[in-house]
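What follows draws every value from the coordinates through simple rules; no lab data is involved. Here the structure is a predicted model, which is why all the values come from computation and not from measurement. Heads up, the Cβs are rebuilt from the backbone with ideal geometry, glycines too, and the neighbour counts pull from every protein chain shown.
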Amino acid sequence: VPSDSKQFAGEIAEDGIRYVLMRPDVLMGVAHELDASSAQAFLRALERSAFRHVQMSFTRYQAREPLSGTDFIANTCEAAARLGWGVWSAIHERDSSLIVEVRNSPFAAGFGVSDKPVCSAIVGILRAVALTAYGLDCQVTELACAAQGAPACRFEIRSPVGAEIVY
Ligand SMILES: [Zn+2]
């Protein structure tokens, strides 16, 4: 639980940002309340919302205490575990891409079995991570998802053509 919990105000906050403890099956169950195309629209919207909101926080953190791209990514992986977003590890693959592996994703666990990847919220976060760490508008794809039976969710952060990703 984040350290400066304001339990008496009915609020959990860390660094001035409010969080809510919610069962992942409640959040991801929204998709199961919708028809297939609306469910896909929900997952894409979750990606965009995660990107937009976390990007604002990342900009604030970097303004206060600028970190190198590598340190920023390491920090994010640590924060993810603390906030219950699974165990994240970044693996440099090629100069133009970075692989992030997420074990124990709450989104996959909350969704259940799926034939498509479901961790769109993590895709949104990783787009913001790439923008903050590298200043690049990267393409992020979930290559394999635990909801599809993969041992871990695996994301590829691919830089725009010609740009190098250093990790
Ligand atoms: Zn996944």
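Listed values for the stretch 126-135 are Karplus-derived 3J(HN,Hα) couplings in whole Hz (6.51 cos²θ - 1.76 cosθ + 1.60, θ = phi - 60°), namely 5, 4, 5, 4, 5, 5, 6, 6, 10, x, and x replaces Gly and Pro. Counting charges near F111 (Lys, Arg +1; Asp, Glu -1) among other residues having Cβ under 15 Å from its Cβ returns a value of -2. If you split all Cα-Cα distances of the stretch 74-167 into 5 Å bins from zero, what percentages do you get per bin, shortest first? Going out from 0 Å in 5 Å bins, the stretch 74-167 shows 3, 15, 26, 25, 17, 10, 4, 0 percent.
Working from Cα pairs under 8 Å separated by at least six residues, relative contact order for the stretch 69-160 is 29 percent. Calculated FRET efficiency, A150 to H53, Cβ-Cβ distance, R0 = 35 Å: about 0.85 to the nearest 0.05. For the stretch 83-98, 3J(HN,Hα) computed residue by residue from phi via the Karplus equation (6.51, -1.76, 1.60; θ = phi - 60°) reads 8, x, 9, x, 9, 9, 9, 9, 10, 6, 10, 10, 4, 9, 8, 10 Hz, glycine and proline entered as x. Taking only the Cα atoms of the stretch 1-133, the ratio Rg/Rh comes out at 0.97, with Rh defined as the Kirkwood radius. A crude spin-label estimate for the pair L131 and A41, with each label 7 Å from Cα along the Cβ direction, gives 2.3 nm.
For P151, the shell of other residues with beta-carbons less than 15 Å away shows a net charge of 0, using +1 for Lys and Arg and -1 for Asp and Glu. Put a plus charge on the Cβ of each Lys and Arg, a minus charge on the Cβ of each Asp and Glu, and nothing anywhere else: the dipole of the chain about its Cα centre is then about 200 debye.
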